[in-house]
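The values are calculated or read from the model by the stated rules, or taken from the named source; none is laboratory data. Computed from a predicted model, the values in this text were never measured in an experiment. When we count neighbours, we look across all protein chains shown, and the Cβ atoms used for this are built from the backbone with ideal geometry, even at glycine.
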Amino acid sequence: MPTRWNTPALIFFIATVVTPSKSFTQQAAPAPPPIEQLYKMPVVYSVPGMDKAQVRRDIVYKSVDTEKGKLDLKLDIYLPAGAKQGRSLPAVVLISGGGIEGAPYDWRDAGVYQSYGRILAASGFVGVSYSKRYAPGPAAENGIADTRDLVAYLREHTADFHIDKDRLAYWAFSAGGGVLASILAESAPATCGVLCFYCVAEANVSGLSAEDAEKKRRVFSSVYQLQQGGHRFSPLFIARAGLDNPTLNAGLDALVSAALTKNLSVEVLNHAAGRHAFDILDDNDRSREIIARALQFLRTNLENH
């Protein structure tokens, strides 16, 4: 989900990515609700024990200087109800699609990430959501740097958060896919799985020179990382929304193709009638089936690592 971009950019993202092309889908999908309502909506899936999760909020993991002064970047930790000191658990980092610049929305506090955090905790994982700088344009690279620093902070405080530093997974949504490129590029043995829900997999290089296009793809394109990388990649889980923007889906299709070309472990679930953000907008069996399967993917790759 997009997170706290400036208001015009956020509205443009919702309009162009959430609303499908009629020529592509041959049907008109319902329009998404206003952003104020979208911000509050929880995931359409639940598991027993969600309400019993231990939640530790507003932990400052990094401070940065901005034009408006010092800015604290924060994380929230979601722990299983029975988490005990001395016991380490696999952790899942939730990567939203934007940053704290601009509009008055921090999606770390949104219904979708609060409910995913509780779902993960009730499923036996440590859920992590966090704020980052991730404005459109060159400043987006700040979000990648902040994510690296978040992971370093988590690894330094594993005992405080009950995290097993050798069992981490990353779950990206929407434009958060741009951060996944760096995670794939730096894939380490501790990265046990990467999930991509309707996420951006290819960089927009329209109008750029060949040299500049390659530079941008190297930073933001997961497709590029799979095509060029020669190292070990983590298992991938890709959830595709059939009624999504055709350009976004073309990037996901290219990501699947690149993964298969490299003979990687990849699982793909398509929600044929699903919209961008189907996990909060489309309250139906297929949405719940995909979320449930994503949790099983995490169990397989984190608990057995």
query: Mind checking which residues of region 134-180 are over 20 Å from P80 (Cβ atoms) and β-branched (V, I, T)?
result: I144, T147, V151, V179
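Matching residues to (1) aromatic (F, W, Y); (2) farther than 14 Å from W171 by Cα:
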site: R108; (1), (2): no, no
site: Y113; (1), (2): yes, no
site: G117; (1), (2): no, no
site: L120; (1), (2): no, no
site: G124; (1), (2): no, yes
site: P136; (1), (2): no, yes
site: A139; (1), (2): no, yes
site: G143; (1), (2): no, yes
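To keep it simple, each residue is scored yes or no on (1) under 30 Å from N204 (Cα atoms); (2) assigned to a helix (DSSP H, G or I).
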| position | (1), (2) |
| --- | --- |
| D58 | no, no |
| Y78 | no, no |
| A81 | no, no |
| P90 | no, no |
| E101 | yes, no |
| Y113 | yes, yes |
| G124 | no, no |
| V128 | yes, no |
| A135 | yes, no |
message: Given the options R218, R232, R240, name the one that is of a type in the set (K, R) and under 30 Å from L281 (Cβ atoms).
response: R240
task: Go through region 259-289 and give me each residue that's within 15 Å of Q225 (Cα to Cα) and surrounded by 21 or more Cβ atoms within 10 Å (Cβ to Cβ).
output: A259
- request: Pull up region 141-183, narrow it to residues that are under 15 Å from the mean Cα position of the chain (by Cα) and of a type in the set (V, I, T), then point me to the one that is farthest from D58 (Cα to Cα).
  value: I183
field: Residues of region 182-213 classified as over 19 Å from D244 (Cβ atoms), of a type in the set (G, A, S) and buried (at least 20 other Cβ atoms within 10 Å of the Cβ), total
entry: 2
- request: Could you please let me know if F233 is touching a Ser or Thr at 6+ places or on another chain (Cβ under 7 Å), within 30 Å of P189 (Cβ to Cβ) and either modelled with pLDDT under 95 or not acidic (D, E) (or both)?
  value: yes
